[in-house]
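*Asks:* Let me give you the structure first, and then I'll get to my questions.
The values are calculated or read from the model by the stated rules, or taken from the named source; none is laboratory data. In this text the structure is predicted, and so the values were computed from the model without any measurement. Neighbour counts run over all protein chains shown; Cβ positions are idealised from the backbone, glycine included. Just the protein is used for accessible areas: all its heavy atoms, side chains included, with ligands, DNA and RNA removed. Shrake-Rupley method; radii C 1.70, N 1.55, O 1.52, S 1.80 Å.
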Amino acid sequence: MRTITEANLTNEVLARLEKTYDPRFKQVMASLIRHLHAFVREIELTEEEWFEAIKFLTATGKKCDDKRQEYILLSDVLGVSMLVDAINHRRPGNATANTVLGPFYVHGAPEIANGGDMAVGWKGEPTYVSGRVLSATGHPIAGAKLDLWQSNSEGWYDVQLADTGGKQLRARLRADAEGRYRFRTIKPTAYPVPTDGPVGLILNRMGRHPMRPAHLHFMVSAPGYETVVTHLFVEGDPYLESDVVFAVKDSLVVDFKRNDSEAEASKVGLKAPFYAASYDFVLEPARKTQQQKVISAADAARA
């Protein structure tokens, strides 16, 4: 057809997919084209607005590197990441809920002993976290692997700081034969997502704050079980109801209790006062579908 009109354009674009050999790619592209064209029609996008969108996407790409993934952050603040996560990780009621991986995951965290300190040299309120890794039937999962990461007491991750000396406030450890895990760290704090890029600008235009409630990141895995990527949030944080990336779930909010006992602190290798939190992770058997792929900013930069 040589005469393309507003009325027939969408169908003409869809017709060009006829020779697409990948059925799933064809399905995705056809749906994207239909929804994108419908969006443009609904708001009657102006040429100036279209070009502003091009500029925004270009600026977003320029803000990405091997330590920062602005597109993941954009997906997070628009709720897309959590929606994709929810669709791909529908779990029964007793299994630990998934949340977003976030833009600050890094491969190859240092290994520590069960009970070790993942915050050596960092200032903050001493904290002891412990619990178990269990199957859906309540049996301990011996040797389950826990991958941990968090921000410092000022809300910064190591990849956001210069000269941190390597991977910091990150660790990997193994649960013991009874599925028990424990580690020392500093109490997490609320922090803003990066606002010095395009995502910060769009948050401001939407009248939204950039804050995430205090949390610890976990990735828990074991052979024969589905990997869980999740957070533990601090009870009482003022941003639990308005997390900028929509990741809070009631089942993941934990009470970090203050303990002033020197004797109790000594038992766990800390000084009083310290905070203690406990949580049991419940993994369900692995399905036949592929396990979740864990992607870091560096992976995207190499793509």
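*Asks:* Take the stretch 111-162 and flag every residue that is under 28 Å from Arg91 (Cβ atoms) and among the basic types (Lys, Arg).
*Replies:* The answer is Arg132, Lys145.
*Asks:* If you don't mind, there's one more thing I want to ask. Scan Ala272, Ala277, Ala247, Ala265 and give me the residue that is among the aliphatic types (A, V, I, L, M), part of a helix (DSSP H, G or I) and either open to solvent by less than 20 Å² (accessible area, probe 1.4 Å) or touching a helix residue (DSSP H, G or I) at 6+ places or on another chain (Cβ under 6 Å) (or both). Spell out the reasoning first.
*Replies:* Details: Ala272 fails: part of a helix (DSSP H, G or I); Ala277 fails: part of a helix (DSSP H, G or I); Ala247 fails: part of a helix (DSSP H, G or I).
Just one listed residue meets the conditions, Ala265.
*Asks:* Also: So is Arg90 among the basic types (Lys, Arg) and not in a helix (DSSP H, G or I) or not?
*Replies:* So Arg90 passes the test.
*Asks:* Now, a different point. Given the residues Pro192, Pro188, which is the only one that is surrounded by fewer than 16 Cβ atoms within 10 Å (Cβ to Cβ) and under 18 Å from the mean Cα position of the chain (by Cα)?
*Replies:* Pro192
*Asks:* Turning to a different aspect of this structure: Given the conditions (1) in a loop (DSSP other than H, G, I, E, B); (2) open to solvent by less than 10 Å² (accessible area, probe 1.4 Å); (3) touching a helix residue (DSSP H, G or I) at 6+ places or on another chain (Cβ under 7 Å), report the number of the one that Thr96 does not fulfil.
*Replies:* For Thr96, the failing item is (3).
*Asks:* Can you run down the residue pairs with Cβ atoms below 8 Å, 6 or more apart or on separate chains, where the first is in the stretch 237-266 and basic (Lys, Arg) and the partner is assigned to a loop (DSSP other than H, G, I, E, B)?
*Replies:* Pairs found: Lys249/Ala97; Lys249/Thr99; Arg258/Pro273.
*Asks:* While we're on this one: Output the qualifying pairs, or none if there are none: Cβ atoms under 6 angstrom, residues six or more apart or on different chains, first residue in the stretch 192-213 and without any contact (Cβ under 8 Å) to a residue 12 or more places away in the chain and part of a loop (DSSP other than H, G, I, E, B), second residue of a type in the set (Asp, Glu) and surrounded by fewer than 18 Cβ atoms within 10 Å (Cβ to Cβ).
*Replies:* Close Cβ pairs (under 6 Å, with a partner that is of a type in the set (Asp, Glu) and surrounded by fewer than 18 Cβ atoms within 10 Å (Cβ to Cβ)) do not exist here.
*Asks:* For the stretch 227-283, how many residues meet the condition of being hydroxyl-bearing (Ser, Thr, Tyr), closer than 22 Å to Pro92 by Cα and out of contact with any Phe, Trp or Tyr (no Cβ under 7 Å at 6 or more places or on another chain)?
*Replies:* 4
*Asks:* Please list, ordered by first then second residue, the pairs with beta carbon atoms under 8 Å, 6 or more apart or interchain, first in the stretch 17-36 and surrounded by 12 or more Cβ atoms within 10 Å (Cβ to Cβ), second modelled with pLDDT of 95 or more and of a type in the set (Lys, Arg).
*Replies:* Leu17/Lys26; Thr20/Lys26
*Asks:* Another one. Open to solvent by 50 Å² or more (accessible area, probe 1.4 Å) and within 30 Å of Lys271 (Cβ to Cβ): which single residue out of Lys55, Lys67, Lys123, Lys63 fits that description? Break it down into steps so the answer makes sense when it comes.
*Replies:* On the way: Lys55 fails: within 30 Å of Lys271 (Cβ to Cβ); Lys67 fails: within 30 Å of Lys271 (Cβ to Cβ); Lys63 fails: within 30 Å of Lys271 (Cβ to Cβ).
One residue alone meets the criteria, Lys123.
*Asks:* If I filter the stretch 99-116 down to residues being of a type outside the set (A, V, I, L, M, F, W, C) and in contact with a Leu (Cβ under 9 Å, 6 or more places away or on another chain), which single residue comes out as surrounded by the fewest Cβ atoms within 10 Å (Cβ to Cβ)? Even if it seems obvious, please write down each step before you answer.
*Replies:* Kept after step one, since they are of a type outside the set (A, V, I, L, M, F, W, C), are these residues of the stretch 99-116: 99, 102-103, 105, 107-108, 110-111, 114-116.
When the remaining residues are screened for being in contact with a Leu (Cβ under 9 Å, 6 or more places away or on another chain), the result is 99, 102-103, 111, 114-116.
Details: Thr99: 27, Gly102: 21, Pro103: 26, Glu111: 11, Asn114: 14, Gly115: 16, Gly116: 16.
Ranking the candidates gives Glu111 first.
*Asks:* Residues that are at pLDDT 95 or above and among the small types (Gly, Ala, Ser): find the strands (runs of 3 or more DSSP E) completely inside the stretch 106-184 holding 3 or more of those.
*Replies:* So the answer is 126-135.
*Asks:* Here is a list: Val129, Val159. Which entry is surrounded by 16 or more Cβ atoms within 10 Å (Cβ to Cβ) and either touching a His at 6+ places or on another chain (Cβ under 9 Å) or more than 24 Å from Lys271 (Cα to Cα) (or both)?
*Replies:* Matching residue, one of Val129, Val159: Val159.
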